[in-house]
Amino acid sequence: MTGQPASTAARWVPRLMIATALLHFVWAFVQPNAWAAIAADGFWRGVADTDAADYSARESSVWFMVSGVALLALGTLARHVLRTTGRLPAQLGWYLVAIGLALCVLYFPVTGGWPLLAIGLLSLVAARRTG
(Lines give C-alpha, C1' and ligand atoms only; values in the text may rest on other atoms or scores of the structure.)
Protein backbone atom coordinates (compact mmCIF):
# COMPACT_ATOMS: atom_id res chain seq x y z
CA MET A 1 0.00 0.00 0.00
CA THR A 2 1.26 3.47 -0.80
CA GLY A 3 0.58 6.70 1.06
CA GLN A 4 -0.95 6.94 4.49
CA PRO A 5 -2.74 4.02 6.17
CA ALA A 6 -6.43 3.70 5.35
CA SER A 7 -8.94 5.04 7.86
CA THR A 8 -11.18 2.72 9.83
CA ALA A 9 -14.16 3.87 7.75
CA ALA A 10 -12.31 3.10 4.54
CA ARG A 11 -11.43 -0.40 5.74
CA TRP A 12 -15.07 -1.09 6.62
CA VAL A 13 -16.54 -0.10 3.25
CA PRO A 14 -15.29 -3.16 1.28
CA ARG A 15 -16.19 -5.47 4.16
CA LEU A 16 -19.74 -4.12 4.32
CA MET A 17 -20.12 -4.36 0.55
CA ILE A 18 -18.94 -7.98 0.52
CA ALA A 19 -21.25 -8.81 3.43
CA THR A 20 -24.16 -7.20 1.55
CA ALA A 21 -23.28 -9.26 -1.53
CA LEU A 22 -23.31 -12.45 0.54
CA LEU A 23 -26.71 -11.52 1.97
CA HIS A 24 -27.95 -11.06 -1.60
CA PHE A 25 -26.77 -14.55 -2.52
CA VAL A 26 -28.52 -16.03 0.51
CA TRP A 27 -31.70 -14.03 -0.08
CA ALA A 28 -31.81 -15.19 -3.71
CA PHE A 29 -32.44 -18.70 -2.38
CA VAL A 30 -34.45 -18.15 0.84
CA GLN A 31 -37.02 -15.68 -0.49
CA PRO A 32 -39.96 -17.11 -2.39
CA ASN A 33 -38.04 -18.03 -5.51
CA ALA A 34 -38.30 -19.93 -8.75
CA TRP A 35 -34.91 -21.64 -8.95
CA ALA A 36 -36.54 -25.08 -9.14
CA ALA A 37 -38.70 -23.97 -12.07
CA ILE A 38 -35.72 -22.33 -13.79
CA ALA A 39 -33.66 -25.51 -13.32
CA ALA A 40 -36.57 -27.67 -14.53
CA ASP A 41 -36.58 -25.60 -17.72
CA GLY A 42 -32.87 -26.31 -18.12
CA PHE A 43 -31.81 -22.71 -17.30
CA TRP A 44 -31.64 -21.79 -21.01
CA ARG A 45 -34.29 -19.06 -21.53
CA GLY A 46 -35.60 -19.83 -18.06
CA VAL A 47 -36.69 -16.22 -17.54
CA ALA A 48 -37.53 -15.27 -21.12
CA ASP A 49 -41.27 -15.99 -21.03
CA THR A 50 -42.78 -12.80 -19.58
CA ASP A 51 -46.25 -14.39 -19.73
CA ALA A 52 -45.29 -17.26 -17.40
CA ALA A 53 -47.36 -17.36 -14.20
CA ASP A 54 -44.23 -17.32 -12.03
CA TYR A 55 -42.31 -14.75 -14.11
CA SER A 56 -41.99 -12.25 -11.22
CA ALA A 57 -40.50 -14.89 -8.92
CA ARG A 58 -38.09 -16.01 -11.66
CA GLU A 59 -37.01 -12.47 -12.42
CA SER A 60 -36.58 -11.62 -8.73
CA SER A 61 -34.50 -14.75 -8.13
CA VAL A 62 -32.15 -13.93 -10.98
CA TRP A 63 -31.82 -10.23 -10.15
CA PHE A 64 -30.98 -10.91 -6.52
CA MET A 65 -28.24 -13.28 -7.68
CA VAL A 66 -26.92 -10.89 -10.35
CA SER A 67 -26.92 -7.90 -8.02
CA GLY A 68 -25.06 -10.00 -5.46
CA VAL A 69 -22.35 -10.67 -8.04
CA ALA A 70 -22.20 -6.94 -8.89
CA LEU A 71 -21.91 -5.97 -5.22
CA LEU A 72 -19.24 -8.61 -4.69
CA ALA A 73 -17.32 -7.23 -7.67
CA LEU A 74 -17.54 -3.66 -6.33
CA GLY A 75 -16.58 -4.77 -2.83
CA THR A 76 -13.55 -6.81 -3.87
CA LEU A 77 -12.45 -4.10 -6.31
CA ALA A 78 -12.79 -1.50 -3.54
CA ARG A 79 -10.69 -3.71 -1.26
CA HIS A 80 -8.03 -4.06 -3.97
CA VAL A 81 -7.94 -0.30 -4.65
CA LEU A 82 -7.76 0.45 -0.92
CA ARG A 83 -4.88 -1.99 -0.43
CA THR A 84 -3.04 -0.72 -3.50
CA THR A 85 -3.48 3.03 -3.08
CA GLY A 86 -4.50 3.46 0.56
CA ARG A 87 -7.68 5.32 -0.40
CA LEU A 88 -11.17 4.77 -1.74
CA PRO A 89 -12.34 6.57 -4.88
CA ALA A 90 -15.25 8.94 -4.25
CA GLN A 91 -17.14 7.63 -7.27
CA LEU A 92 -17.67 4.33 -5.43
CA GLY A 93 -19.63 6.19 -2.79
CA TRP A 94 -21.58 8.14 -5.39
CA TYR A 95 -22.54 4.93 -7.24
CA LEU A 96 -23.79 3.35 -4.02
CA VAL A 97 -25.66 6.51 -2.99
CA ALA A 98 -27.36 6.66 -6.40
CA ILE A 99 -28.38 2.99 -6.28
CA GLY A 100 -29.50 3.27 -2.67
CA LEU A 101 -31.53 6.44 -3.26
CA ALA A 102 -33.24 4.95 -6.31
CA LEU A 103 -34.21 1.83 -4.37
CA CYS A 104 -35.35 3.84 -1.34
CA VAL A 105 -37.57 6.09 -3.48
CA LEU A 106 -39.05 3.25 -5.53
CA TYR A 107 -39.63 0.79 -2.69
CA PHE A 108 -40.08 3.12 0.31
CA PRO A 109 -40.04 2.24 3.17
CA VAL A 110 -39.20 -1.48 2.96
CA THR A 111 -36.12 -1.92 0.79
CA GLY A 112 -32.58 -3.20 0.82
CA GLY A 113 -31.55 0.19 -0.54
CA TRP A 114 -31.03 1.61 2.95
CA PRO A 115 -27.80 -0.36 3.59
CA LEU A 116 -26.46 0.64 0.16
CA LEU A 117 -27.25 4.28 0.91
CA ALA A 118 -25.50 4.03 4.30
CA ILE A 119 -22.44 2.25 2.84
CA GLY A 120 -22.32 4.84 0.06
CA LEU A 121 -22.32 7.71 2.55
CA LEU A 122 -19.66 5.96 4.63
CA SER A 123 -17.62 5.52 1.46
CA LEU A 124 -17.89 9.23 0.65
CA VAL A 125 -16.74 10.13 4.17
CA ALA A 126 -13.85 7.66 3.89
CA ALA A 127 -12.85 8.98 0.45
CA ARG A 128 -12.80 12.54 1.77
CA ARG A 129 -10.67 11.58 4.77
CA THR A 130 -8.12 9.72 2.68
CA GLY A 131 -8.16 12.01 -0.38
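The values are calculated or read from the model by the stated rules, or taken from the named source; none is laboratory data. Keep in mind the model is a prediction, meaning the values are calculated, not measured. Here the Cβ is made from the backbone with ideal geometry for all residues, glycine too, and neighbour counts use every protein chain on show. Side chains included, ligands, DNA and RNA excluded: accessible areas come from the protein's heavy atoms. Shrake-Rupley method; radii C 1.70, N 1.55, O 1.52, S 1.80 Å.
Is it true that some residue in the range 37-46 is under 24 Å from Leu116 (Cβ atoms) and open to solvent by less than 50 Å² (accessible area, probe 1.4 Å)? No, the range 37-46 contains no residue that is under 24 Å from Leu116 (Cβ atoms) and open to solvent by less than 50 Å² (accessible area, probe 1.4 Å).
Cβ-Cβ contacts under 7 Å between residues 6 or more apart (or on different chains), taken from a first residue in the range 12-24 that is within 24 Å of Ser61 (Cα to Cα) to a second residue that is of a type in the set (S, T, N, Q) and at pLDDT 95 or above, are listed as Ile18/Thr76.
When each of Ala90, Ala98 is tested for being open to solvent by 50 Å² or more (accessible area, probe 1.4 Å), under 30 Å from Ser7 (Cα atoms) and touching a helix residue (DSSP H, G or I) at 6+ places or on another chain (Cβ under 9 Å), the lone residue that passes is Ala98.
Which residues, counting only those in the range 101-131, are open to solvent by 60 Å² or more (accessible area, probe 1.4 Å), modelled with pLDDT under 90 and closer than 25 Å to Gln31 by Cβ? Listed by number, the residues that qualify are Tyr107, Phe108, Pro109, Val110. A count restricted to the range 85-131 and to residues that are farther than 20 Å from Ser67 by Cβ and either among the hydroxyl-bearing types (Ser, Thr, Tyr) or touching a His at 6+ places or on another chain (Cβ under 8 Å) (or both) stands at 2.
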